[in-house]
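Heads up: the structure comes next, in C-alpha cells.
No value in this document is a laboratory result; all are computed from the given coordinates. Every value quoted in this text rests on a predicted model; they were computed, and no experiment measured them. All Cβ positions, even for glycine, are placed from backbone atoms using ideal geometry, and neighbour counts span all protein chains on display.
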Amino acid sequence: MHIKEVLKDLLRPAYRQYLAFNNRGNEVTCNICGRQFSGLRPVVGRHADGSLFEIQNHTGRCWLCDSYPRSRQLYYWLHNDYKILQADKIKILHVAPEVQISNRIRKYKNVDYICIDKHCEGYKYPDYVNDGDICNLEFGDNSFDMLICNHVLEHIKDDIAAMKEIKRVLKKNGVAILMIPIDFELDKTIEEAMDENLSATEREERFGQYDHVRLYGQDYFDRLKAVGFYVERISYNDELNMKYGFMPKEEVIVCKKG
Ligand SMILES: [Zn+2]
C-alpha cells in the first residue's frame, strides 16, 4: 500500500472525531454511532470525468461514522421493526455491506453473518467481505433468513437475474431488503439494453450517475412482484426523519419470499 494511503487510514479516525466535535449540536442524531450534530455532512457525488459535485436535496452523512441516510433507515428498521437483537438464531447474507452496519451485525451473537461484494481491481475490501456475484450466488437454495442488498441493483445489467438469485437463496418467509434510488415521477424504468454498452458519460446523462445502468421508476415494485416477492414499503414519519436525518422519500423495501 502507498505510504499516503496508510497515513490517510491512520489519521481518518482522528479527523472524523475533529469534524464531529466541530459540528456538535442537538438538531440531528446518527442512530448508528449515537452522536448528535447541528447538521449533517453534505453528500458529494462524482461526475463521469472524475470531478466532484455536491448533491442537493440530500439530508447528509454522519460526521463521525460517515453513514448515509439510507443506512440509518435500514439500521432503524433492523432494530425497531425487525427487532434483530431479539430474533432467534438467524442467517444473513449482506451484499456490498455498508461498513457502519456490518461492523455492528458482526458482533451480534444470534446472527450467522456472511458478507460478499464483487471484488473490483483498485478497491479495498475488509477481510470479512468475500468475492461474490449477485447474479450467480454460490449458496444453496433456501439458505438465508435475510438478505440485504442496498443500492446495488441499479448497477446490475440483468437485475431480474439478481432478484431471482436473491429469492432462490432465501428461506421460505425469509426477507430481502432491496433499497434502490428511485424516481417517483417516472412510471417506467429507463435502462441500458442488454446489448448496449454505454460510456460512463452516457450513463450519467441517461441515469444520473456514471456507473448506473438504469433509473428505476414506479414499476420497480412490479418487477419484484413478478419475480414472486411480497413487497412491503416502509417510510417513517416527519419527526423520525428530522431526528435521524433520514431521506423522507427513501423507503426501506422489504421483499418477502412466501
Ligand atoms: Zn454516525
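On the beta carbon distance between ARG104 and ASP219, with R0 = 41 Å, the FRET formula returns roughly 0.75. The charge dipole of the chain, taken about the Cα centre with unit charges on the Cβ atoms of Lys, Arg (+1) and Asp, Glu (-1), comes to about 1360 debye, rounded to the nearest 20.
Remark on LYS171: its backbone amide H falls under 5 Å from those of SER143, PHE144, ASP145, a criterion applied only to residues 5 or more positions apart or on other chains, H modelled at 1.01 Å from N.
Counting only complete DSSP H runs, which helices of the chain cover 18 Å or more along their long axis at the Cα atoms and score a mean Kyte-Doolittle of -1.0 or above?
Details: long enough: 3-22 (28 Å, -0.24).
Answer set is 3-22.
When only Cα pairs below 8 angstrom with a gap of at least 6 residues are kept, segment 69-257 shows a relative contact order of 20 percent. In this structure the amide hydrogen of GLY45, modeled in the peptide plane, comes within under 5 Å of the amide hydrogens of PHE53, GLU54, ILE55, none closer than 5 places in sequence on its chain.
Shape class of segment 3-54 from the alpha-carbon gyration tensor: oblate, with a/c at 1.5 or above and b/c at least as large as a/b.
Would you mind calculating the gained length between ALA161 and LYS243 on full extension (0.36 nm times residue separation, minus the Cα-Cα distance), in nm to one decimal?
Details: separation 82, 0.36 × 82 = 29.52 nm, distance 3.75 nm.
So the extension gain works out to 25.8 nm.
Note on ALA226 and ASN136: their simple-model spin labels are 2.4 nm apart, each label 7 Å out from Cα toward Cβ. For LYS109, the lysines whose Cα comes closer than 17 Å to its Cα, not counting residues fewer than 8 places off in the same chain, are LYS83, LYS89, LYS91.
Where both partners of a DSSP beta bridge lie in the chain, what percent of those bridges are antiparallel, to the nearest 5?
Values: 19 of 37 bridges.
That works out to approximately 50 percent antiparallel.
Given the rule -39500 (n - 2.57) for each run of at least 4 DSSP H residues, summed and divided by the residues of the chain, what is its mean residue ellipticity at 222 nm, to the nearest 500 deg cm²/dmol?
-8000 deg cm²/dmol
The order of the peptides 159-170, 238-249 by mean Cβ neighbours within 10 Å, most packed first, is 159-170, 238-249. Cross-link check: pairs LYS188/LYS249; LYS118/LYS167; LYS107/LYS172; LYS157/LYS188; LYS4/LYS118; LYS118/LYS157 evaluated at a Cα-Cα cut-off of 21 Å; pairs beyond the cut-off: LYS107/LYS172; LYS4/LYS118. If the label point is 7 Å along Cα→Cβ of LYS172, which residues in segment 227-258 have backbone nitrogen under 11 Å from it? Of the residues in segment 227-258, 258 have backbone N under 11 Å from the label point off LYS172. Left without a cysteine partner by the 4.7 Å Cβ rule in the chain: CYS115, CYS120, CYS135, CYS149, CYS255.
Here the translational diffusion coefficient of the chain follows from Stokes-Einstein with Rh set to the Kirkwood radius across Cα pairs; for 20 °C and 1.002 mPa s it amounts to 110 µm²/s.
Once the Cα-Cα distance is subtracted from the 0.36 nm per residue extended length, the HIS151 to GLU5 segment shows a gain of 49.9 nm.
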